[in-house]
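Only one structure is covered here, and it is reproduced in the block below.
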Amino acid sequence: MRIDPNTTPNILADMQQSQVSLNTALQQVSTGLSVNNPSDNPSAAAEMVQNSIESADVDQFTQNVSSALSTVQTASSVLSSVVTSLTSAVSAGTEGANGTNSTSDLQSLAAQVQGILNSVVNSANTSVSGSFLFGGTSTTKPYTADASSPTGFTYNGNNDSNSVAVGDQASVQVNLPGSQIFSSSGNNVIGALSSLVTALQSGNTANIASSTAAVSSAVSFVGQQQVFYGNAETQLNSQETFLQQDTVSLTTQATSLVGVNEATAATNLTQAETDNSAALAAIAKVLPNSLLNFLSPPE
């Protein structure tokens, strides 16, 4: 029995096609993707390029929001601590102004307020990941001791503020300079505390009372500055939610473009393996006969 030699090329073509199908099925199962090369689906591949660009942007904005949230939350917490410290200073000043304290008592109260002043200055010098919260955009330590200054301290930062990009055309301001919070001309927190220390040390009841009033005003002023950080946190939380939704949408789009159904991929792999085995079996039968036909002279 002779086998038509024209059959061999067809079987070889079937074999090659079954191997390609098997390789494709194996790749889809291993990667979870239906498009592993641009040639698999040029249109989907092109759309995935844009999807990848947008996803990278969203990831960066999300990181910016996370970092900014840490900054504003820390700053707000610091200011809460400052308000508590200032409230303690008001209590000390009120006690010192009652006119019944001995010199020793007044010196003790002055030392207490001096400690509060130092604590507030330390708070004003708070840094997060190496960046000072209240130095404006400067990288210099905001406040340092200065004997020539009336308050005993000098502000070394600037009057600018930092903003972070949280969207394609959206940014959020994340800080206020220390010059606005702790040493503004209209409400000098550090200056008020320094004046109260001096007044307590002098024992002048009227000066103690007026300095205490200034510190009390500073309490309200710092509380007002906290509102900025609360508003910034609200903006950032809102943007974080939006970015999370964006991430879900982009992920869904990517799955639709190049993703593969795991169950379907597994079924396709099983079928490809079956087809490939059948092709191998067919070629194993045909090739020996084809070789015989080639060697035997025609009848």
Task: ASP160 long-range amide H proximity, modeled H, under 5 Å - done: THR137
Open item on the list: Taking 8 Å as the Cα distance limit and 6 or more residues as the minimum spacing, I'd like the relative contact order of the range 142-207 as a percentage.
Closed with: 23
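For the range 79-187, what is the relative contact order in percent, using Cα pairs closer than 8 Å and at least 6 residues apart in sequence?
18
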Open item on the list: Using the Cα centre of the range 47-191 as origin and beta-carbon charges of +1 (Lys, Arg) and -1 (Asp, Glu), tell me which of ALA92, ALA170, THR137 is placed farthest towards the positive end of the dipole.
Closed with: ALA92
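Throughout, read-outs are computed from the coordinates displayed, never taken from laboratory work. All figures in this text were calculated on a predicted structure; none of them were measured in a lab. Please note: Cβ atoms are built from the backbone with ideal geometry, for glycine as well, and neighbour counts cover all protein chains shown.
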